[in-house]
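As C-alpha cells, the structure follows; a few thoughts come after it.
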Amino acid sequence: TDYRKNWVKPERVATDRHQTKILPNKMQKAALKQIEALVASGEKRGLVVSATGTGKTYLGAFAVKKYQPRRFLYIVHREQIAKKSLESFYRVIGGPRSDYGLLTGNRHNLQAKYLFATVQTISQPEMLANFNSDEFDYILIDEAHRAAAPSYQRLLHYFKPNFWLGMTATPERMDEQNVYQIFDYNLAYEIRLRDALEEKMLAPFHYVGVQDYEADGVAIDETTDLRYLASTSRVDYVLKELDYYGYCGTKAKGLVFCSRQEEARELARLFSQKGHP
C-alpha cells in the first residue's frame with residue numbers, strides 16, 4: 001500500500017539500443033579465449049560450464065560474434081528461453097533485425113541467419129528435412145545437460161557444423177549420462193558458483209536443505225497421491241521448518257514447485273488458511 005502511494009512514474013528516456021555496448025566481463029573474456037583456442041585447434045565440440053546468473057547467454061553471443069558464422073543455430077528446450085536468447089544475441093551482434101528468427105511450434109522462420117529453435121520442433125523428421133546437414137557452421141546447445149535425450153541426439157547425428165558449443169550450469173547428472181563425453185571431453189571453460197561469488201558476479205546467499213516430508217513413513221514425491229501432496233500436515237511441516245531456519249525481511253516469501261494444478265490450488269488454499277496468503 002505504501003509503495004502504491006509513493007510510486008512516481010519514471011521519465012522515459014529515448015535511447016538508441018546500439019549506443020549501449022555490452023562488453024564481456026573478466027570471466028567471460030577468459031572463457032572466450034579458451035573457446036577460440038578450441039576452435040582454432042580444429043576441435044569440433046566444446047562445453048562451457050557456467051553457473052546460473054553468470055551471463056551464459058551473453059557469453060554464447062560474444063563467441064558467435066567473434067566466429068562470424070555464415071549461419072548459426074541455437075537449440076534449447078523452451079520457446080520462452082529461445083525468445084529471450086534471440087534478444088540477447090541481437091543486442092550483442094546487431095545487424096538487420098530480419099537476420100534473427102524463431103523455429104518453434106508457433107514460428108517457422110526457416111531462412112533466418114541466426115535461428116533460435118526449440119528442440120521439440122527442429123528434431124521432428126519433417127522439419128529436419130528442410131535443412132542440409134551442413135546448413136549451419138556453428139551450433140549452440142543451451143542447457144546442454146539435456147543433450148543425451150533422443151531428440152538432441154537426433155540433431156547431433158544429423159547436423160555437421162564446424163563447431164558445436166554446449167553450455168550448462170549443471171553438467172553432473174544423476175542419470176549416468178555423460179555430458180562431457182557428448183562434447184568430446186573438451187571443457188572449454190568453467191565458471192562455478194564459488195568462483196562467481198568470489199568475483200562478486202552474484203549476490204551471496206544461504207542455502208538450507210530441509211529433510212523430505214514423509215507420510216506414514218513414505219517420502220513424498222510428484223507421483224504421490226494428491227491427498228498427501230496437498231495435506232494440512234505437510235503444510236504444517238513446511239511452516240515449522242520455516243520458523244526453525246528463519247528468513248530475511250519482514251515476512252517469508254518464496255516459491256512452491258507443484259506437480260500439477262490441483263496441487264497448486266489446494267496448497268494455496270492451505271497456506272492462506274495458515275496465514276500465508
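Each value in this text was obtained by applying a stated rule to the coordinates, not by laboratory testing. The model shown is predicted, which means the values in this text are computed figures rather than measured ones. Don't worry about glycine lacking a Cβ; one is built from the backbone with ideal geometry, like all the others, and counts go over all protein chains shown.
A few comments on the model shown:
- Farthest towards the positive end of the charge dipole of the stretch 103-144, among the residues Asn109, Pro125, Phe136, is the Cα of Asn109, using unit charges on the Cβ of Lys, Arg, Asp and Glu.
- Using a simple spin-label model with pseudo-atoms 7 Å out from Cα toward Cβ, His276 and Asn6 lie 2.7 nm apart.
- Identified option (computed Rg and Dmax of the Cα atoms in Å; candidates [x] 18.5, 56; [y] 31.6, 101; [z] 22.6, 62): [z]
- The amide H of Gly55, built 1.01 Å from its N in the peptide plane, has no neighbour under 5 Å, considering only residues 5 or more places off or on other chains.
- Ascending count of other beta-carbon atoms within 10 Å, so fewest first, for Phe72, Phe257: Phe257, Phe72
- For the chain, the residue among Val235, Ala268, Ile81 whose Cα projects farthest onto the positive side of the dipole built from Cβ charges is Ile81.
- Rounded to whole Å, sorted largest first: equivalent-ellipsoid semi-axes of the stretch 81-130, Cα gyration tensor: 21, 11, 7
- Look at the dipole of the chain built from charges on Cβ: of Gly95, Leu255, Phe62, the Cα furthest out on the positive end belongs to Gly95.
- Electrostatic dipole magnitude of the chain [Cβ: Lys, Arg +1; Asp, Glu -1; Cα centre; debye, to 20]: 1480
- Spin-label pair Asp236-Ala268: with each label point 7 Å from Cα along the Cα-Cβ axis, the two points sit 2.5 nm from one another.
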